[in-house]
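For reference, the structure is listed below as structure tokens.
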Amino acid sequence: MSTPDLLPGTLDLLILKTLARGPLHGYAIAQIIKRTSDEVIIVEEGSLYPALQRLWLREWVKAEWRKTETGRRARFYTLTAKGREQLATELSEYKLMISAIGRVLQNA
Amino acid sequence: MQLLKKISVFIRRRKFEHELQEEMAFHRDQAAGDHRERGLEAADSRSAAARDFGNPTRMQEESVETVAFRWETTWHDFRYALRQLRQNPGFAATAIVILALGIGATTAIFSAVNPILFASLPYPHPRQIVSIYERNNGGGPRMPNFADYVGLNERSRSFDAMAATRGWQPTITGGDQPERLEGQRVSWPYFRMLGVAPFMGRDFESADDLWRGEGSIVDGPIKGSMGRNVVVLSYGFWRRRFAGDPNIIGQNIKLDETEFTVIGVMPASFENVIAPEAELWAPLQYNSALPRASRDWGHHLRFVARLRGNITKTQAASELDVIARTLAQIYAPGYNEAGGPPSGYLVKSLQDDLTSSARPALLAVLSAVMLLLIIACVNVTNLLLARGAQRRTEFAMRAALGAARIRLLRQLMTESLVLALLGGAFGLVVAVVGVRALILLSPPGLPRLSAIRIDGIVFAFALGVTALIGMLIGIIPALRAASSDPHESLQQSSSRATGGRQWTRRVLVVAEVSLAMVLLVSAGLLVRSLQRLFSVDTGFDAGHLITLRVQESGLRYRPDDARVRFFQEALDRVREVPGVESAGFTSQLPLSGDQDVYGSLFEKDIANGSLGGDAMFRYAVTPGYIETMRIPLIHGRLLNESDRADVSRFCFLQQRCGASPASVLISQSFAKRKFGSADPIGQRIRLGPAAFAYLNDHTDTPWSTIVGVVGDVRQLSLAGTTSDAIYVANAQWFWGDQEMALVVRTHADAEALVPMLRKAIWSVDKDQPIVHISTMEHLVAQSEAQRRFAMIIFEAFALVALVLAATGIYGVLAGSVSERTREIGIRSALGATRSKILNLVLRQGMALACIGVTLGLAGALFATRALITLLFGISRLDPMTYAGVVILLAAVSAIACWLPAWRAAGIDPAITLRAE
């Protein structure tokens, strides 16, 4: 269960990006992040749910209860228009940051 | 938008939490399902999922905190704190009671001292209002006279307005009952100077305030127009006497048998700080022509003025000093007849002038209550520490379960704040009761009494104190609890590992004892001062004496002989009342606040050419007064019925000289000072107006002859030593006093006779108001009311401090004994005797007490400096007091130590060791 420290704010970005595929429940979000990162990033549930609440509060995501394929009730999160904007902004900022860090690491 | 969401979450909090739980349960189930797929057993997979998930409670808390308002978390903490207190009602009640006493006492005292010491006067720009006094040659203040008013008013440029005032006690008639009122005669700009407008009608104008031909011994013609007899009422009086009659303006009321027209009513909010009891006001109406030998020269007025613009008190005083020189020249004859011209004027802020006499006592009381509050806080801190010791396991458990340190700290601080808040709430109740008690106890003459109440400022003060206390008492226990290492606490049994905490608690107990010591010493010094004061020989026997005042309105009995006859008849009736042993009237009563001083000229001094004169208390009495008071006759004879002869009153003014001289008694110390060992009997003396007029070229003014010497009497206060006095039969004084005090010595209970005495006086004239009924003993006690006030408060505080300190010692020792049960068990198993163990614990407790007492001694040596002005007859370092307090504290500490020690000695080693 060792996850490298994420840059601050990265978790929000990961969640938003994951949600860009469509409505997902919390567990699915965690699983997708885990899988796509080749199990490098394991989102601790202890930070996932507070983060989801935060995003909801800022109206970047909507939450609604739906049935899963297995017929259980789960809370699904959907990206809002505001959330999409936010994702775009954060992505470009993130890329800027990463390339900056990369330049520093290569040339220093 | 965020706010709206937060509010919606807040409103549907249950639903939100429920959903969160469901969401997490779903998450866990999914995870468990995945684990199962990977081949774990169902039970294992669930626990693996739970392990992955972490601490669900903490997580949920964090989620909730994200969407919740910050104060919602606080509310949670608050509810948790309440639950904690409910689970331990004994602890909670003790702490709350202690805090309530501390906060309540502090708030009550603050509400009393705030208007007096800190708040400004209830007028616009209050700092500009000043009192003005004459400055005598010694630099001290002297009451100004009307000549000062006229002179300064004409010349000074430092003031916007100036007003002279004096007390006025008219009797209102024309209703069901005659009633003597407290009022004030004021120069017409009085209300404008204060900056307060009437609520109804108008205030005075200059045309109201003109002389009406009263108050001069010499009757002169009235030049120009006369002032009008108009009166302004206080709101309370208007409601009380006239039921708030909306048509009161323009109506006439009868005061002292004279018609006065009501012209105005002051607003309910008007506080007349200069004479708080005053219920009505009339213009001063002195004679600005300042005729000689008139009341206009008497030093009995009080000046208040409003400084103009940016002029300071110093600037005003120096301007007045320059004017004083001019006045001394142009008013020379008048001033010289009335004790000489002033050497200048004193300008004091009205606030300081009103409060300076009460200030030392109030500051002392304020410091005392602060000490008490600190002791209360220390005590509760100790309780919290003791409780922290019991709850260590709980904290450790919570820390182990993932509670953040800051969370624990906040939780504990919330608990102490909740304690403080509850204490503060009950404290307000205590304060309300306390303020009532303070007002009842308050010494007469305490300024601004009516402004003492629990108002917004006092409430804010209480809240501030409460919050501060919540922090103070919480911080040490909270830091302690939050910083303890959970592993250690959980591993060790709770009955050991006590070193650091015990150490802190001991320091606190030492602090408590030393602070209690300071309070006890202060209380002790005050008690002993009062003992000294009340053992002072007053010069009369106060037991079984009842006193009351009859105030004849002044116009019914004319000439003055009729008035003298009225008092004589009243006295005759009083003497017939069964149970009355003896009775007499006097123009001034010792220790009642009366101060009636006249000048005198002894024949031998006149012969020597020294015309300085001597000031003395003048008692115009009926025969029988001296006997009733049991003032000892030292030499010669007392006044008797033969001294009723109509002597040469007013002779120098009415050309009736030649009658026999009046007989007078003089006080022992006065006789000794004037005549040494020579016999004063038969010596002649010119008194009051006679001495006055003699110096003013009426050389044939009447003599009085000294016929006896009587013991000294304390007139002004028990501490005061001025006792030059002259007693003269009221029938032989120059006029008949309007107000006389009756003293009655009774065989048995004095107070039971009051209705019959009243009836006896009213049988002569039912329209004469009888006021100020009191036993002489009460008057004597009241005369030291300020000291008594301070003493009672200090006694009460010191007592509470003593109890708190004792419980502090007891608490620490009891805690220590129960924590050391095992050690003590081993000791006694190894053969320590009961008395050895008893000693061990006693020594531990008494060591704390001793350190506390030593520090307290040092503190008291320092702190009692604040008390100096309140002490009488003893030094602030009075060894008896200090010794007594040390013994008392030692004894109480010993009792507090004894109980835990006794329990320790009774510990059965077998049981304790098995219990481990």
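Going by the conditions given, is residue B:899 modelled with pLDDT under 85 and touching a helix residue (DSSP H, G or I) at 6+ places or on another chain (Cβ under 9 Å)? Reasoning before the result, please.
Values: modelled with pLDDT under 85: no; touching a helix residue (DSSP H, G or I) at 6+ places or on another chain (Cβ under 9 Å): yes.
So residue B:899 does not fit the description; no.
Quick grid of which residues meet (1) more than 28 Å from the chain's Cα centre (by Cα); (2) under 30 Å from residue B:535 (Cβ atoms); (3) in a helix (DSSP H, G or I):
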position	(1), (2), (3)
B:855	yes, no, yes
B:860	no, yes, yes
B:867	no, yes, yes
B:874	no, yes, no
B:885	no, yes, yes
B:891	yes, yes, yes
B:898	yes, no, yes
B:910	yes, no, yes
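Considering only strands (runs of 3 or more DSSP E) fully contained in the stretch B:659-766, which possess at least 1 residues that are touching a His at 6+ places or on another chain (Cβ under 9 Å)?
Numbers: elements: B:662-667, B:684-687, B:704-710, B:725-729, B:739-746.
Fully inside the stretch B:659-766 and qualifying: B:704-710, B:739-746.
Assigned to a helix (DSSP H, G or I) and either of a type in the set (A, V, I, L, M) or touching a Phe, Trp or Tyr at 6+ places or on another chain (Cβ under 7 Å) (or both): is that true of residue B:362 in this structure? Answer is yes for this residue. Restricting the stretch B:4-30 to residues that are facing another protein chain (nearest Cβ under 8 Å) and not acidic (Asp, Glu) leaves a set whose member that is surrounded by the most Cβ atoms within 10 Å (Cβ to Cβ) is B:27. With a requirement of 2 or more residues that are buried (at least 18 other Cβ atoms within 10 Å of the Cβ), facing chain B (nearest Cβ under 9 Å) and within 14 Å of the chain's Cα centre (by Cα), the helices (runs of 4 or more DSSP H) lying completely within the stretch A:1-99 that satisfy it span A:26-36, A:45-57.
The values are calculated or read from the model by the stated rules, or taken from the named source; none is laboratory data. Model, not experiment: these values are computed from the prediction. All Cβ positions, even for glycine, are placed from backbone atoms using ideal geometry, and neighbour counts span all protein chains on display.
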